[in-house]
Amino acid sequence: MGIGRFATLDRPLPQFDDQDHLAPLNNFKYHESALRKAQKAMSRKTKFSNNWKKEKAKVQRIHARIGHARRDYLHKATTTISQNHAMVCIEDLQVRNMSKSASGTTKAPGRNVRAKSGLNKSILDQGWYY
């Protein structure tokens with residue numbers, strides 16, 4: 001598993017154009033601009049008003065769409081792998097530790113905080129934690 005590859009296989013699968021790996025879905029990146037726009041619109045509304053509730057429903061729909069797409073991709077990928085391989089080895093990743101902030105403290109600030117922020121976003125976009 002990685003950022004550039006969702007999963008690496010020992011032999012190519014015909015369903016995936018004879019590649020020995022599965023490409024990541026990156027669904028959050030696809031919906032990021034719509035989500036940002038909806039969240040910005042929601043922040044301008046008076047909290048708990050009817051218009052705020054409608055905008056909150058839009059934000060929730062986008063989040064649900066992202067989650068459903070991740071789950072769907074994960075189920076399709078795991079089904080294909082289990083049908084075509086006799087043995088599957090998985091890695092127990094500590095996603096929470098991998099996506100910790102690099103900001104550090106006020107006395108010892110972190111380095112490359114912006115780069116680590118982008119890496120964290122990519123890690124969480126993969127959906128390894130389902």
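The values are calculated or read from the model by the stated rules, or taken from the named source; none is laboratory data. This one's a predicted model, so the numbers in the text were calculated from it and none came from an experiment. As a convention, Cβ positions derive from the backbone with ideal geometry for all residues, glycine included, and neighbour counts pool all protein chains shown.
From (1) farther than 13 Å from Gly127 by Cα; (2) of a type outside the set (Ser, Thr, Tyr); (3) surrounded by 10 or more Cβ atoms within 10 Å (Cβ to Cβ), pick out the condition that doesn't hold for Lys47.
Condition (3) is where Lys47 drops out.
Can you find a residue that is in contact with a His (Cβ under 6 Å, 6 or more places away or on another chain), in contact (Cβ under 8 Å) with a residue 24 or more places away in the chain and more than 30 Å from Leu13 (Cα to Cα) anywhere in segment 31-49?
no
When residues of segment 56-102 are filtered for being under 29 Å from Asn112 (Cα atoms), modelled with pLDDT under 90 and part of a helix (DSSP H, G or I), how many remain?
Residues that pass the stated criteria total 4.
Within segment 101-130, can you find the residues that are free of Cβ contacts under 8 Å to residues at least 12 places away in the same chain and of a type in the set (Lys, Arg)?
Lys107, Arg111, Arg114
Modelled with pLDDT of 85 or more and more than 15 Å from Gln126 (Cα to Cα) - does that describe any residue in segment 19-31?
No.
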